[in-house]
Amino acid sequence: MKLNEGAKGSRLKVLHMDLPVQTERRLEVLGMLEGTVISVVNRKKKGAMIIKIRGTRFAVGEQITKNIEVEPV
Amino acid sequence: MSKKELTVGFVGNPNCGKTTLFNAYTGANLKVANWPGVTVEKKEGAMRFHDDTFRLVDLPGTYSLTSYTMEETVTRQYILSDEVDVIVDVADASALERNLYLTLQLIELGKPVVLALNMMDIVQERGMEIDLHRLPEMLGIPCVPVSARKKTGLEILIHAVAHHKDKVLGEKLIHHHEEEEKESHHKDVEEHHKMYAMVYSDDVEDKIDEISELLKKNYLKVDNLRWHAIKIMENDVEIRKAYPLDWDSILERDYEKEIINQKFSFIEEIMAECVVNRSRKAESTDRIDRVLTHPVWGLPVFLLIIAFVFFLTFTVGDWIKGYFEIGLDNLTAMVRTGMEAIHTNSLLVSLVADGIFAGVGGILTFLPNIFILFLALAILEDSGYMARVAYVMDGIMGKIGLSGRAFLPMILGFGCTVPAVMASRVLENPKDRLKTILVTPFMSCSARLPIYVLFSEMFFGDMAMVAAFSMYVLGLVVAILAAFIMKMIDKSKNSNMLLIELPEYKTPNAHTIWVYVWEKVKDYLTKAGTTIFLASMIMWFVMNLGPQGFTTNMDQSFGALIGKTLVPVFAPLGLGYWQIVLALIAGIAQKEVVVSSCSVLFGIGNVTGASGMSGLASVLESMGFGVVNAYALMVFCLLYVPCLATLATVKRETRSWKWTGVMVCMQLLVAWVMAFLVFQIGSAVF
């Protein structure tokens with residue numbers, strides 16, 4: 001499934017990111033790597049989300065969340 | 001020991017409390033400038049420790065030392081320069097896992113690093129424990145627990161800095177990775193683990209060795225070969241340019257992802273060994289966020305907060321302003337009688353009392369409003385709410401083709417357009433940046449506030465606050481519409497890549513806020529003392545000088561001549577009065593000048609006081625200038641060309657005269673059309 005389908009409160013494991021290299025690297029230095037488990041703190045209808053990566057909250061837009069493949073943990 | 005100066009660079013992630021820590025050492029005693037060549041803010045302060053002077057430099061907050069953004073590039077170049085003796089890496093100890101990535105990168109740079117574990121008070125509150133014995137062992141650098149807010153550990157940290165300054169790269173570390181060392185086939189693995197905190201997998205280490213050799217052979221003098229080798233493997237454009245070889249074919253593939261991954265594996269190892277109880281996170285932020293970032297309520301709550309900020313600015317600000325006015329009245333009267341008593345030339349008395357005091361003083365009385373506005377903005381920022389606004393506004397901003405992040409510069413525009421335009425730098429996409437820069441001046445800045453307060457109080461009575469507040473809403477709506485139209489013209493695909501950290505909520509720190517607000521107040525006072533002072537004097541001369549020399553009849557002055565030629569352009573807006581036209585022209589220097597010019601032009605001292613206001617109102621009304629004219633004037637002032645300082649900033653940030661010109665034309669046009677509509681429709685209705 002894609003990250004933007006993730007329900008509020010769910011814990012998800014990142015499988016693959018299909019994003020421009022720069023955006024992907026920015027996420028990676030924040031600790032969001034393939035295999036990292038993240039949780040969805042809050043979300044809007046279209047897929048903009050607040051996610052928690054390694055204990056820190058980030059707001060991410062739908063253009064990012066719909067291009068990240070995840071699986072429930 | 002001889003006296004010497006030690007330069008200490010403060011580096012850290014955004015939101016790690018770095019600035020609070022920096023301020024705790026230096027106080028408000030800062031030198032703020034820009035880094036050479038770029039408009040990234042540079043803060044510098046000094047402190048004394050025993051016999052030494054420490055020069056402290058606050059570097060821009062950054063998550064890593066790649067060179068993707070201007071902030072990162074500046075930070076890296078500065079650290080690598082010979083200027084920095086010791087790096088203080090400030091980390092939010094309550095979010096250590098994320099902060100350690102930068103720490104590992106800093107250690108790799110090879111300069112002496114001291115890790116300041118900030119926010120230790122929060123760590124303790126949450127029942128977390130950090131093994132302060134094991135952590136420095138694993139990292140190979142001193143780790144000092146501090147709390148910038150509670151001011152604990154500050155002395156120990158600076159002590160560690162003083163004693164760590166001579167650390168030589170490659171000094172033996174005491175940390176054990178026995179398992180790894182046994183399994184590894186790399187020839188120097190034992191040595192590596194003694195020398196470097198971060199040791200990569202065998203194939204990465206082999207490659208680092210290979211590249212280091214190549215660098216040594218081709219470029220004789222390279223400091224810290226290992227770091228340069230790693231950067232080349234990470235495909236770092238800048239380093240590859242500095243040491244050109246055919247790296248693509250030497251490297252076969254991109255190692256960047258692997259290097260990042262392995263750093264985080266090591267961080268996970270550190271976390272497992274050094275941090276106890278880390279799952280017990282504070283719940284309070286989540287509880288607050290349930291309301292503030294609610295999918296439905298988030299937006300109305302945000303609008304309420306903003307409305308409350310302006311309510312405070314106008315009501316409380318005006319209440320204090322009353323006292324300032326009484327003071328100014330008395331002072332002006334005293335100076336006038338004083339000067340007349342010593343028989344000063346009456347022209348000079350007029351210049352001082354009607355020119356300088358009326359102009360500069362009139363502006364100074366708005367200090368309370370400005371102070372409260374900036375205070376509120378600082379509290380919103382320091383509490384952690386500001387970043388949420390980017391998330392809340394992301395949907396709306398997406399519709400006009402911008403990321404929610406672009407809304408932050410726009411909000412700052414309520415304070416001052418100059419830093420707001422500079423804040424657009426956080427946007428990676430150059431097109432988004434340009435759009436944001438072009439629309440930000442429509443946001444009503446604090447310099448326009450005096451105009452609204454003056455004219456709304458003169459003409460709107462009880463509705464004054466509503467009239468003034470409507471300007472802020474109108475500015476926001478016009479900015480959003482303008483961005484929407486640009487999106488239509490541009491037709492580019494929406495590349496909305498919002499990514500922003502949402503820090504934990506915290507009680508704002510009084511000291512941090514004080515430093516921020518004082519900086520802005522100082523700016524305002526400086527402006528009043530320089531530009532407005534000058535503009536008031538020029539205005540007085542323009543009004544009292546005519547083709548026939550000094551004149552007491554203003555109708556014969558140069559000012560009247562200039563104003564009168566432009567009256568036909570402004571007549572359809574209900575602003576066809578040469579005094580108003582002249583004040584508007586003068587306002588391009590700075591928007592407050594519109595108010596100070598009105599004082600001078602209509603010959604009313606202390607125009608913002610109650611008597612001054614009714615005086616000006618009756619003069620204007622006798623000229624046929626009524627409520628609708630006043631509102632048209634406010635609209636025009638809101639939307640027309642921003643001040644010279646903004647224009648200069650826009651030019652510098654866009655690096656383009658063309659776009660600066662486009663902005664000026666667009667704003668003049670929008671202002672004229674909007675004021676025209678307001679006046680024509682308003683006159684028909686009322």
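Listed conditions (1) more than 11 Å from every other protein chain (Cβ to nearest Cβ); (2) touching a helix residue (DSSP H, G or I) at 6+ places or on another chain (Cβ under 9 Å); (3) touching a residue at least 12 places away in the same chain (Cβ under 8 Å) are all met by B:LEU299, apart from (1). Filtering region B:370-396 to residues that are in a helix (DSSP H, G or I), out of contact with any Lys or Arg (no Cβ under 8 Å at 6 or more places or on another chain), within 14 Å of chain A (Cβ to nearest Cβ) and hydrophobic (A, V, I, L, M, F, W, C) leaves B:MET386, B:ALA387, B:VAL389, B:VAL392, B:ILE396. Filtering region B:101-127 to residues that are in contact (Cβ under 8 Å) with a residue 60 or more places away in the chain, touching a helix residue (DSSP H, G or I) at 6+ places or on another chain (Cβ under 7 Å) and under 16 Å from B:GLY17 (Cβ atoms) leaves B:ALA116, B:ASN118, B:MET119, B:ILE122, B:ARG126. Of the helices (runs of 4 or more DSSP H) that lie entirely inside region B:586-686, those containing 3 or more residues that are among the charged types (D, E, K, R) span B:644-654. Those strands (runs of 3 or more DSSP E) of chain A in which at least 1 residues are of a type outside the set (Val, Ile, Thr) and within 23 Å of B:ALA406 (Cα to Cα), considering only elements entirely within it, cover A:37-43, A:49-53, A:56-60. Could you please tell me which pairs satisfy a Cβ distance under 6 Å, a separation of 6+ or placement on different chains, a first residue in region B:461-475 that is assigned by TED's automatic domain parsing to the domain that holds B:LEU449, and a second residue that is among the small types (Gly, Ala, Ser) and part of a helix (DSSP H, G or I)? The qualifying pairs are B:ALA464/B:SER456; B:ALA467/B:SER456; B:ALA468/B:SER456. Within region B:309-330, the set of residues being under 18 Å from B:ALA467 (Cβ atoms) and of a type in the set (A, V, I, L, M, F, W, C) comprises B:VAL309, B:PHE310, B:PHE311, B:LEU312, B:PHE314. Restricting attention to region A:36-73, which residues are at the interface with chain B (Cβ under 8 Å from one of its Cβ atoms) and basic (Lys, Arg)? If the condition is that a residue be at the interface with chain B (Cβ under 8 Å from one of its Cβ atoms) and basic (Lys, Arg), then A:ARG43, A:LYS44, A:LYS45, A:LYS46, A:ARG54, A:ARG57 are the ones that fit.
Matching residues to (1) modelled with pLDDT of 85 or more; (2) touching a Ser or Thr at 6+ places or on another chain (Cβ under 8 Å); (3) exposed (fewer than 15 other Cβ atoms within 10 Å of the Cβ); (4) within 14 Å of another protein chain (Cβ to nearest Cβ):
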position: B:ASP248; (1), (2), (3), (4): no, no, yes, no
position: B:GLN262; (1), (2), (3), (4): yes, yes, no, yes
position: B:MET271; (1), (2), (3), (4): yes, no, no, yes
position: B:ARG278; (1), (2), (3), (4): no, no, no, yes
position: B:GLU325; (1), (2), (3), (4): no, yes, no, no
position: B:ASN330; (1), (2), (3), (4): yes, no, yes, no
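Just so you know, in region B:411-435 the residues that are under 24 Å from B:TYR63 (Cα atoms) and either outside any helix (DSSP H, G or I) or in contact with a Phe, Trp or Tyr (Cβ under 9 Å, 6 or more places away or on another chain) (or both) include one that is modelled with the lowest pLDDT, and it is B:GLU428. The condition (being loosely packed, with under 14 Cβ neighbours inside 10 Å, assigned by TED's automatic domain parsing to the domain that holds B:ASP52 and modelled with pLDDT of 90 or more) is satisfied by just one residue among B:GLU125, B:GLU155: B:GLU155. Within region B:609-633, residues that are over 12 Å from B:SER683 (Cα atoms) have Cβ atoms under 7 Å from residues that are of a type in the set (S, T, N, Q) and surrounded by 14 or more Cβ atoms within 10 Å (Cβ to Cβ) in these pairs: B:GLY612/B:ASN606, counting only partners at least 6 apart in sequence or on another chain. Considering A:GLU71, A:GLU34, the condition of being free of Cβ contacts under 8 Å to residues at least 40 places away in the same chain and either in contact with a Leu (Cβ under 7 Å, 6 or more places away or on another chain) or closer than 11 Å to B:TYR391 by Cα (or both) is satisfied by A:GLU34 alone.
The combined condition, being farther than 17 Å from B:PHE533 by Cα, surrounded by 22 or more Cβ atoms within 10 Å (Cβ to Cβ), assigned by TED's automatic domain parsing to the domain that holds B:THR646 and small (Gly, Ala, Ser), is not fulfilled by B:ALA586. Filtered by the rule that a residue be assigned to a helix (DSSP H, G or I), of a type in the set (A, V, I, L, M, F, W, C) and in contact (Cβ under 8 Å) with a residue 60 or more places away in the chain, region B:195-240 gives B:TRP227, B:ILE230, B:VAL237.
Of all residues in region B:44-69, which are under 30 Å from B:ILE259 (Cα atoms), outside any strand (DSSP E or B) and more than 14 Å from chain A (Cβ to nearest Cβ)? Of everything in region B:44-69, those that are under 30 Å from B:ILE259 (Cα atoms), outside any strand (DSSP E or B) and more than 14 Å from chain A (Cβ to nearest Cβ) turn out to be B:LEU59, B:PRO60. When every residue of region B:647-668 is checked against the conditions, none turns out to be surrounded by 18 or more Cβ atoms within 10 Å (Cβ to Cβ), in contact (Cβ under 8 Å) with a residue 12 or more places away in the chain, assigned by TED's automatic domain parsing to the domain that holds B:GLY327 and touching a Cys at 6+ places or on another chain (Cβ under 9 Å).
Considering every residue within region B:461-479, establish whether at least one is under 30 Å from B:SER618 (Cα atoms) and charged (D, E, K, R). Looking for residues that are under 30 Å from B:SER618 (Cα atoms) and charged (D, E, K, R), one finds at least one in region B:461-479, hence yes.
The values are calculated or read from the model by the stated rules, or taken from the named source; none is laboratory data. All values reported here derive from a predicted model rather than from experimental measurement. Note that we place each Cβ from the backbone using ideal geometry, even for glycine, and neighbour counts take in every protein chain shown.
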